[in-house]
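J.: Before I ask anything, let me first share the structure, which is written out below as structure tokens.
The values are calculated or read from the model by the stated rules, or taken from the named source; none is laboratory data. Remember, predicted model here, so these are calculated numbers, not experimental data. Heads up, the Cβs are rebuilt from the backbone with ideal geometry, glycines too, and the neighbour counts pull from every protein chain shown. These accessible areas exclude ligands, DNA and RNA; they are computed on the full protein's heavy atoms, side chains included. Shrake-Rupley method; radii C 1.70, N 1.55, O 1.52, S 1.80 Å.
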Amino acid sequence: MTRRTVAVAQVGGIQPDEDRPAVVERLVHLLEEAAERGAQFVVFPEMALTTFFPRYWTEDTDRVDSWFESAMPNPAVQPLFDRAKELGVGFYLGYAERTDDGHHYNTAIVVDSSGGICGKYRKIHLPGHSDNRRDLRAQHLEKKYFEVGDLGFGVFDVDGLKVGLCLCNDRRWPEVYRVLALQGADLVVLGYNTPLDVPGWQEPPHMKMSTHLLSLQAGAYQNSLWVAAAAKCGVEDGSYMIGGSAIATPGGDILVQALSDSDEVVVGTIDTDYSEPFRRSVFDFEAHRRPEHYRLIIERTGRGEPVPAPIP
Ligand code: CDT
């Protein structure tokens, strides 16, 4: 049995003129509240150090550079690493990464309770577009600013717990959870920025929340694992993003959920034993999965014609 008290640290809007030290101070406050309430691991959002800049089109390279971290930790973020180590709390943090050789990724790391980075993920499902839709007030330019991640979907040992990493839009894709579950993940953690207005997305506004929760709950249930998801939310530079930070159980229930659209800590205790009955019955992978019949999943990307099936 592994029990962990986990916090999702929801972060309200970060305005474009808010500098790193101010943002990191907010994150440290959330971390301290989480630790005070017993959390041993804290999940922060995607791009937790900046405003959700893919809403802006710019060709100003200095402006773009200002959104990316070229080292992690770096002097601005060090106070978060220091405080977490003092408190003996691990964390997950999303940020925009620029590598030494000039690559740009939407990245998340996990840090264990001794303050060391013990896992890294670079976002694979990049939503949105790369062209300039100048008529829109808020664009979604993840495909312009980031490359597709090159690290795969990894599961890391974080203080004795197997933690799988992903980011935001990944949570909507069932393959992500399954690939993490097949590596024994007990907990999947993710941060997200989900704007209400997304270019090309047609669903009514209320479905932004229901599809978010549905994705967490389905991923958790179908893979017998816990899912903890932290939003950056509320209004950023006039653009609203949903809250709904939550922890989903291996039974597909919501254990805890944020109530506000601003800085808020929600805490829940996860227990790997709770996953076991699911793993030993309906989702006993070894006994019931039939990968030989799932070949299309890796052979095809888009929808195609039915594959001729025998009718004996
Ligand atoms: N950040 C991110 O991936 N957001 C998407 C919404 C926008 S898709 C154009 C999400 O899935 O929440």
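J.: Would you check which residues across region 51-63 are open to solvent by 10 Å² or more (accessible area, probe 1.4 Å) and within 16 Å of the ligand (Cβ to nearest atom) and list them?
T.: Once the filter is applied, which keeps residues that are open to solvent by 10 Å² or more (accessible area, probe 1.4 Å) and within 16 Å of the ligand (Cβ to nearest atom), region 51-63 yields 55, 56, 57.
J.: Related question: What residue, among those in region 148-172 that are in contact with a helix residue (DSSP H, G or I) (Cβ under 9 Å, 6 or more places away or on another chain), away from the ligand (no atom under 16 Å from the Cβ) and not hydrophobic (A, V, I, L, M, F, W, C), is nearest to residue 124 (Cα to Cα)?
T.: 152
J.: How many residues does region 173-199 contain that are farther than 22 Å from residue 222 by Cβ and either surrounded by fewer than 24 Cβ atoms within 10 Å (Cβ to Cβ) or more than 10 Å from the ligand (Cβ to nearest atom) (or both)?
T.: Step one: list which residues in region 173-199 are farther than 22 Å from residue 222 by Cβ, which gives 193, 195-199.
Adding the requirement that they be either surrounded by fewer than 24 Cβ atoms within 10 Å (Cβ to Cβ) or more than 10 Å from the ligand (Cβ to nearest atom) (or both) leaves 195-199.
The qualifying residues number 5.
J.: Still on this structure, I have one more. Hey, residue 143 hits all of (1) outside any loop (DSSP other than H, G, I, E, B); (2) closer than 21 Å to residue 240 by Cα; (3) in contact (Cβ under 8 Å) with a residue 40 or more places away in the chain but one; which does it fall short on?
T.: (3) is the only condition that residue 143 fails.
J.: Of all residues in region 200-232 being within 11 Å of the ligand (Cβ to nearest atom) and crowded, with 24+ Cβ neighbours inside 10 Å, which is farthest from residue 279 (Cα to Cα)?
T.: Out of the qualifying residues, it is 232.
J.: For region 230-308, which strands (runs of 3 or more DSSP E) that fit wholly inside it have 1 or more residues that are of a type in the set (Asp, Glu)?
T.: Once the strands (runs of 3 or more DSSP E) in region 230-308 are filtered for at least 1 residues that are of a type in the set (Asp, Glu), what remains is 264-271.
J.: Name the residue, out of 210, 239, 215, 224, that is without any contact (Cβ under 8 Å) to a residue 12 or more places away in the chain and of a type in the set (Ser, Thr, Tyr).
T.: Details: 239 fails: without any contact (Cβ under 8 Å) to a residue 12 or more places away in the chain; 215 fails: without any contact (Cβ under 8 Å) to a residue 12 or more places away in the chain; 224 fails: without any contact (Cβ under 8 Å) to a residue 12 or more places away in the chain.
Of the residues listed, the single one that is without any contact (Cβ under 8 Å) to a residue 12 or more places away in the chain and of a type in the set (Ser, Thr, Tyr) is 210.
J.: Those residues that are within 21 Å of residue 51 (Cβ to Cβ), open to solvent by 40 Å² or more (accessible area, probe 1.4 Å) and more than 13 Å from the ligand (Cβ to nearest atom), I need them from region 91-131; list them, please.
T.: 98, 104
J.: Which of the residues belonging to region 1-37 are open to solvent by 30 Å² or more (accessible area, probe 1.4 Å) and either closer than 20 Å to residue 160 by Cα or modelled with pLDDT under 95 (or both)?
T.: 1, 2, 3, 4
J.: Take residue 75 and decide whether it is open to solvent by 70 Å² or more (accessible area, probe 1.4 Å) and part of a loop (DSSP other than H, G, I, E, B).
T.: Here the answer is yes, as residue 75 does meet what is asked.
J.: Turning to a different aspect of this structure: Report whether or not residue 95 is free of Cβ contacts under 8 Å to residues at least 60 places away in the same chain and touching a Cys at 6+ places or on another chain (Cβ under 8 Å).
T.: no
J.: Mind checking which pairs have a first residue in region 156-172 that is farther than 14 Å from residue 3 by Cα and open to solvent by 10 Å² or more (accessible area, probe 1.4 Å) and a second that is among the charged types (D, E, K, R) and modelled with pLDDT under 95, Cβ under 7 Å, 6 or more apart or different chains?
T.: That search, which allows pairs on different chains as well, returns nothing.
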